[in-house]
Amino acid sequence: MAISVGPVYLYLEGIQCSAMAKRVLLVLALLCRAAAGLSVSPQVSGIEKESLLGTIFFNQVGLAHMIEKQANTTEAVSDGMARMEEALTKYLDKDSSFSREMAVMRTSVENMTSVVSSYIHMGESAITRENVTGHILVKLRDQEETIKKIENENEEIKTENQQLKEEKQMLRTENVQLRAEVLQTEEEMRKVKEEVRKVEEDKRKADEDRRKAEEDKRKKEDDQRRVEEDRRRTQEDKRKISEENSQLLDQVRQLHEENRKRDNETEAIQQDLKELQEENENLQSVISLLEGEKEALEDKISVLEGSNVTEAGGECGGDNSEVQELERKIRALEEENGKLKETLKNEMRPSNCEAHFCKGALKDAVYEVFPSRNEGPATVWCDMSSSKGGWTMFLKRQQQTIQENFARPWEEYRNGFGDVDAEHWLGLEHLHKMTSAAPMVLRLEVKAFDGASRWAEWDTFSVAGSDTQYKLTVAGYSANSTLGDPLTFSRNISGMAFSTLDRDNDKLSLDCVEYYSSGGGWWYASCSDIKPTAPLTSSGRLNTLMSMWWSTSYAQWTSLREVKLMFRPRERSEFCTL
């Protein structure tokens with residue numbers, strides 16, 4: 001049922017009926033329109049997952065539409081009922097007034113009848129009674145007509161009132177039905193909301209499941225990537241181990257060959273030594289003979305002292321010449337013997353770790369070396385395992401319980417300090433003497449706090465004497481290095497004199513030793529890209545043990561927990577190369 005309000009209102013305006021009837025019909029039209037509007041609510045059933053979002057949107061729109069229609073319908077019903085009650089009240093009040101008027105009229109008639117009777121009894125004239133009676137009868141007829149008219153109108157009002165009551169009952173019935181429909185709509189709305197809530201919950205669970213699935217997939221991909229990485233590393237390690245095993249086999253063969261050659265060389269040296277000893281013994285015998293001849297000549301000179309002066313003078317002159325010649329030969333033999341002894345002595349004294357390595361020392365340990373021929377031995381740490389061995393360590397830093405103090409004056413850096421087995425500085429004077437004998441190669445090994453290790457090499461390294469403040473020369477950075485160049489790339493320290501707390505030789509107005517390494521001595525230019533004598537710490541502060549060029553391609557400061565600086569001869573003996 002669908003009734004438009006506009007046409008109904010026009011129809012009501014065109015017919016003759018009471019205002020109350022028009023209002024009732026208008027209320028009915030409004031109720032019909034509201035009922036027609038409620039009939040368009042969407043029915044939600046069988047929601048497909050593919051159109052879930054569209055269905056939710058449609059349901060929300062339908063809910064908003066039904067709520068609006070419900071509000072309009074409720075307002076219209078309430079307004080219609082209020083108007084109808086007002087109209088019924090007015091009609092009931094009007095009906096009561098009519099009843100009162102009829103009662104008054106009847107009372108008047110009775111009173112008039114009483115008056116007439118009294119007049120008759122009083123014996124008035126007939127004419128007078130007739131006139132009065134006629135006048136009264138006229139009034140009575142008029143009054144009866146009025147009463148009949150009022151009774152007719154009252155019947156019409158009762159009939160209309162009955163119709164209004166029936167219409168009111170119908171409105172109440174329709175209102176009950178409308179409320180039932182509203183309740184049903186609200187129930188449907190509740191079900192729709194519940195279904196929407198379930199759908200949203202399902203969507204949330206689906207999203208959660210999808211997120212978990214994606215997370216599991218990502219973890220699985222990460223695990224697979226790690227497995228692949230581990231497999232690749234394992235293959236790489238296996239390949240490296242195979243290569244190292246092959247190299248080790250070659251090295252073992254070379255070592256056997258070199259040991260054989262060294263044995264032969266040792267035998268040759270021992271034979272040469274034996275021959276030198278025999279020659280020395282022969283020289284000693286010759287010296288003994290010459291000394292015997294000298295004594296015989298001196299005895300002969302003493303015997304001839306009693307002869308005549310001429311003969312004695314001539315003979316003595318001849319004997320003196322012979323003695324002088326013998327003494328010259330003796331001195332020459334003694335000098336040659338001394339040189340042979342010095343040569344043997346020097347041949348048996350290693351000047352660096354390379355000499356020990358060439359004699360077969362393959363263990364990393366402390367050894368004695370002779371920095372110069374005119375001095376006694378010095379103890380150094382020899383690295384016989386890194387990069388084909390033979391390295392002489394001159395600076396070592398490492399993480400240990402009690403750290404060595406590197407904030408020291410010039411004299412201690414000149415002479416050296418520390419524990420050769422742990423953290424130590426060899427000494428500038430030893431460095432000068434040991435690096436001046438032959439061209440040297442410099443090697444730097446560092447280790448970060450995460451355990452990563454890197455190295456760098458330079459093919460030129462030397463330290464000048466004290467008259468130059470122990471000037472450093474370093475060059476020839478190796479492109480095969482895994483560490484960047486912290487010595488010559490950006491802050492080139494080659495050509496710089498050494499600096500300590502009490503002797504500042506850097507290029508800056510500030511003291512790099514104090515500001516940059518907390519007192520640790522070093523070759524500073526505009527300070528340095530490495531601070532190997534700064535305090536050891538993991539905090540990464542500016543004045544701690546760090547290197548800038550951790551990578552070979554870009555600058556990156558990295559805190560270090562271990563530093564090794566060492567050197568060996570650039571030209572190595574064929575018997576010392578593995």
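Measure up LYS240/LYS396; LYS433/LYS564; LYS471/LYS531 against 25 Å on the Cα-Cα distance and list the ones that go over. In this structure, LYS240/LYS396 exceed 25 Å between Cα atoms. Residues GLU221, GLU423, GLU236, ordered by accessible area of protein heavy atoms at a 1.4 angstrom probe radius and largest first, appear as GLU221, GLU236, GLU423. Given a 1.4 Å probe and the protein chains all in place, what does the accessible area of SER526 round to, in Å² to the nearest 10? For SER526, solvent-accessible area is about 50 Å². For region 157-226, with all protein chains in place and a probe radius of 1.4 Å, 47% of the accessible heavy-atom surface sits on carbon or sulfur.
Comparing THR146, ILE157, LEU183 along the charge dipole axis of region 145-251, the residue lying farthest to the positive side is LEU183, per the Cβ-charge model.
Computed in the context of the full set of protein chains, the accessible area of region 385-541 at 1.4 Å probe radius has 46% of its extent on carbon or sulfur. The solvent-accessible area of ARG218, taken with every protein chain present and a 1.4 Å probe, is close to 110 Å². Largest first, the residues GLU145, GLU174 sort by 1.4 Å accessible area into GLU145, GLU174.
Solvent-accessible surface of region 476-534, averaged per residue with a 1.4 angstrom probe and all protein chains in place: 37 square angstrom. Here the Karplus relation 6.51 cos²θ - 1.76 cosθ + 1.60, evaluated at θ = phi - 60°, turns the backbone of region 567-572 into coupling constants of 9, 7, x, 5, 8, 9 Hz, with x for every Gly and Pro.
This model, with +1 at the C-beta of Lys and Arg and -1 at the C-beta of Asp and Glu, gives region 456-577 a dipole about its Cα centre of some 200 debye.
The values are calculated or read from the model by the stated rules, or taken from the named source; none is laboratory data. These numbers come from a predicted model, not from an experiment. Because the Cβ atoms are built from the backbone with ideal geometry, glycine has one as well, and the counts that use them run over all protein chains shown. All accessible areas refer to the heavy atoms of the entire protein, side chains included, with ligands and DNA or RNA removed. Shrake-Rupley method; radii C 1.70, N 1.55, O 1.52, S 1.80 Å.
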